[in-house]
Amino acid sequence: MTGRRLTSLLAYVTTAATGASLLTGCGVLPGATGGSREPVTVMTWAPDQTRATNMPGMPAMAQTYARWINSQGGIDGHELRVLTCNEQNTSAGAADCARRAVRENAVAVVGSYSQNGRAFMAPLEAAGIPYIGGYGISEDEFTSPLSYPVNGGQASLIAGHGMQLAASCHKVSLVRPDTIAGDKLPGLLNSGLRKASHRSATDIPAVEDAAEYSRQADRARDQAGRENGCVTAVLGERTQTFFDSFRRLPESEGSKGGDGGKGDGSKGDDGGNGKDSAVRISSVLGSVGQPVIDRTGGAHSPFEGAYVTGWYPEADDKSWAPMRKVIQEHAFADNRVDPADAGVQTTWIAYTVLREVVESLDKDRVTAAQISHALDRGTRIDTGGLTPTLRWKYEDLLGAPGFPRIVNHEVTFQVVRQGRLVAQKPGFVDVGETVLSAP
């Protein structure tokens, strides 16, 4: 064999051996994740481009998180693979996403949004796939043994909102979806109002995806009264539509929303109409948030002075700095990933849970059963001050009727001042007893 042919043969063998080592995981490219550890595949879903509530920032945040963590070598050496799915705000869409997660061997569904808990939990339970850090909008998230919620869901928000309103509102009108989930909201709000021996709110059901709400707005303002009355709306993405209808009501029949920009819980002035005491508006995080306030005029928004109850610290809190840095460096020009959006924030916290539980396993191959077992046996999750320390052992569960798997029953009281959501009261407020007392 000539020297030239021998050199070519050696080059071919060397190249083939190098390629084989990369395929088998024995070697890695600079900056790539891996070693011998298998990838971890998860799914994040949310509705997008529907007529009701849309949460495109949640799957976008999941993809951003994956780019960041993989640039750091993955989770404990595992490449993170994120599947996304449009849940479409339908039972069929939610079930399809869940079945796809099963088909593609996802070890968890993380940081997702769906109102269709019954549709998606059955396929996940049959396959043993844990549901980590759902948005908290469906009852099944707080009843399924394979669900690990990171917040107290709508139950904690609404019960806490009643506590927030009780101090300043003489009468309260609640506008909420005319749905099975919406039917639970009046009892929860009233449980919070009763903490201050307050009368019950007027319950005003409304179609969740209506184009306008003039009739409900007029009734809400009338029932709230003209003296320290409050109108609260919890309609998801349509909350903005409701308050636009509310703002357009003839001033002679009532008073404007807001408190003249005070936003401090004190008695407002006449709301600018010179006739009646202001009817204050309010809502909860997810129905009203910083992105909505920005879109509707900032400091000149109709939400100026509004009370808002949230799960987490306000968006400008320093605890969000790590998330903001990841978004800045890895979301690129994706404007769906808004760090002030409650869905984005929930997804970040949910992936924090995933990361810590995978690291606690220290396994070359991670399975769905290993993840759920680790969470059940009491792996403690530190979210950096965004929530209390999370743990899902039996003794950590609140055990409230309809919401037994709540472990984080703390909320924050916020108010809109000069176009920004800021803390009305520092720190967290525990609403566990209030949720337990709800009918």
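The values are calculated or read from the model by the stated rules, or taken from the named source; none is laboratory data. In this text the structure is predicted, and so the values were computed from the model without any measurement. Positions of Cβ are generated from backbone atoms using ideal geometry, with glycine treated the same way; all protein chains shown enter the neighbour counts. Ligands, DNA and RNA are stripped out before the accessible areas are found, and what is left, the full protein with its side chains, is counted by its heavy atoms. Shrake-Rupley method; radii C 1.70, N 1.55, O 1.52, S 1.80 Å.
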- Query: What are the residues in segment 291-346 that are loosely packed, with under 15 Cβ neighbours inside 10 Å and at positive phi, if any?
  - Reply: Gly297, Phe332
- Task: Test Gly310 against the stated conditions and say whether it is in contact with an Asp or Glu (Cβ under 8 Å, 6 or more places away or on another chain) and either modelled with pLDDT of 90 or more or within 17 Å of Ala423 (Cα to Cα) (or both).
- Result: no
- Note on the structure: For segment 34-56, the count of residues that are within 14 Å of Glu87 (Cβ to Cβ), open to solvent by less than 30 Å² (accessible area, probe 1.4 Å) and not aliphatic (A, V, I, L, M) equals 5
- Message: Here are the criteria: (1) touching a strand residue (DSSP E or B) at 6+ places or on another chain (Cβ under 6 Å); (2) open to solvent by 70 Å² or more (accessible area, probe 1.4 Å); (3) in a helix (DSSP H, G or I). Tell me which single one Lys425 does not satisfy.
- Response: (3)
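Consider Gly274 carefully, then state whether it is outside any helix (DSSP H, G or I), open to solvent by less than 30 Å² (accessible area, probe 1.4 Å) and modelled with pLDDT under 90.
Numbers: outside any helix (DSSP H, G or I): yes; open to solvent by less than 30 Å² (accessible area, probe 1.4 Å): no; modelled with pLDDT under 90: yes.
Spelling it out, it is not the case that Gly274 is outside any helix (DSSP H, G or I), open to solvent by less than 30 Å² (accessible area, probe 1.4 Å) and modelled with pLDDT under 90.
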- Return the pairs, sorted by first residue and then second, in which the second residue is open to solvent by 50 Å² or more (accessible area, probe 1.4 Å) and not in a loop (DSSP other than H, G, I, E, B), the first residue lies in segment 209-229 and is of a type in the set (Lys, Arg), the beta carbons are less than 9 Å apart, and the residues are 6+ apart or on different chains. Arg221/Glu253
- Could you grab me the full set of residues in segment 191-226 that are part of a strand (DSSP E or B) and either open to solvent by 30 Å² or more (accessible area, probe 1.4 Å) or of a type in the set (Val, Ile, Thr) (or both)? Thr202, Asp203, Ile204, Pro205
- Note on the structure: Across segment 76-103, the tally of residues that are touching a strand residue (DSSP E or B) at 6+ places or on another chain (Cβ under 6 Å) and either open to solvent by less than 10 Å² (accessible area, probe 1.4 Å) or among the small types (Gly, Ala, Ser) (or both) stands at 5
- Message: Looking at segment 174-196, I want the residues that are within 19 Å of Gln216 (Cα to Cα) and have a partner that is open to solvent by less than 20 Å² (accessible area, probe 1.4 Å) and of a type in the set (Lys, Arg) with Cβ atoms under 9 Å, at least 6 apart or on another chain. Which pairs are those?
- Response: Gly182/Arg176; Asp183/Arg176; Leu185/Arg176; Pro186/Arg176; Leu189/Arg176
- Message: Of the conditions (1) outside any helix (DSSP H, G or I); (2) at pLDDT 95 or above, Asn54 satisfies every one except a single condition; which number is it?
- Response: (2)
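Listed here are the residues, each with its yes/no results for (1) under 25 Å from Ser287 (Cα atoms); (2) of a type in the set (Asp, Glu); (3) part of a loop (DSSP other than H, G, I, E, B).
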position: Arg355; (1), (2), (3): no, no, no
position: Val358; (1), (2), (3): no, no, no
position: Arg365; (1), (2), (3): no, no, yes
position: Ser372; (1), (2), (3): no, no, no
position: Gly378; (1), (2), (3): no, no, yes
position: Leu421; (1), (2), (3): yes, no, no
position: Thr434; (1), (2), (3): yes, no, no
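Quick check, is Ala106 closer than 24 Å to Gln154 by Cβ, open to solvent by less than 40 Å² (accessible area, probe 1.4 Å) and touching a residue at least 12 places away in the same chain (Cβ under 8 Å)? Spell out the reasoning first.
On the way: closer than 24 Å to Gln154 by Cβ: no; open to solvent by less than 40 Å² (accessible area, probe 1.4 Å): yes; touching a residue at least 12 places away in the same chain (Cβ under 8 Å): yes.
It is false that Ala106 is closer than 24 Å to Gln154 by Cβ, open to solvent by less than 40 Å² (accessible area, probe 1.4 Å) and touching a residue at least 12 places away in the same chain (Cβ under 8 Å).
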- Message: So the check is Cβ under 8 Å with 6+ separation or different chains; which pairs have a first residue in segment 361-386 that's under 16 Å from Glu79 (Cβ atoms) and a second one that's modelled with pLDDT of 95 or more and of a type in the set (S, T, N, Q)?
- Response: Leu361/Gln370; Lys363/Gln370
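May I ask you to verify whether Gly263 is within 27 Å of Asp430 (Cβ to Cβ) and at pLDDT below 85?
Yes, satisfied.
Could you check, for segment 386-408, whether at least one of its residues is among the small types (Gly, Ala, Ser) and in a loop (DSSP other than H, G, I, E, B)? Walk me through how you get there before you give the answer.
In the first step, residues of segment 386-408 are kept if they are among the small types (Gly, Ala, Ser); the result is 399-400, 402.
Keeping just the survivors that are in a loop (DSSP other than H, G, I, E, B) gives 399, 402.
Checked segment 386-408: at least one residue is among the small types (Gly, Ala, Ser) and in a loop (DSSP other than H, G, I, E, B).
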- Query: Which of the residues belonging to segment 140-179 are open to solvent by less than 10 Å² (accessible area, probe 1.4 Å), at pLDDT 95 or above and assigned to a loop (DSSP other than H, G, I, E, B)?
  - Reply: Ser144, Pro149, Val150, Asn151, Gly152
- Note on the structure: Ser112: passes all of (1) open to solvent by 60 Å² or more (accessible area, probe 1.4 Å); (2) more than 24 Å from Asp362 (Cβ to Cβ); (3) in contact with a strand residue (DSSP E or B) (Cβ under 6 Å, 6 or more places away or on another chain) but (1)
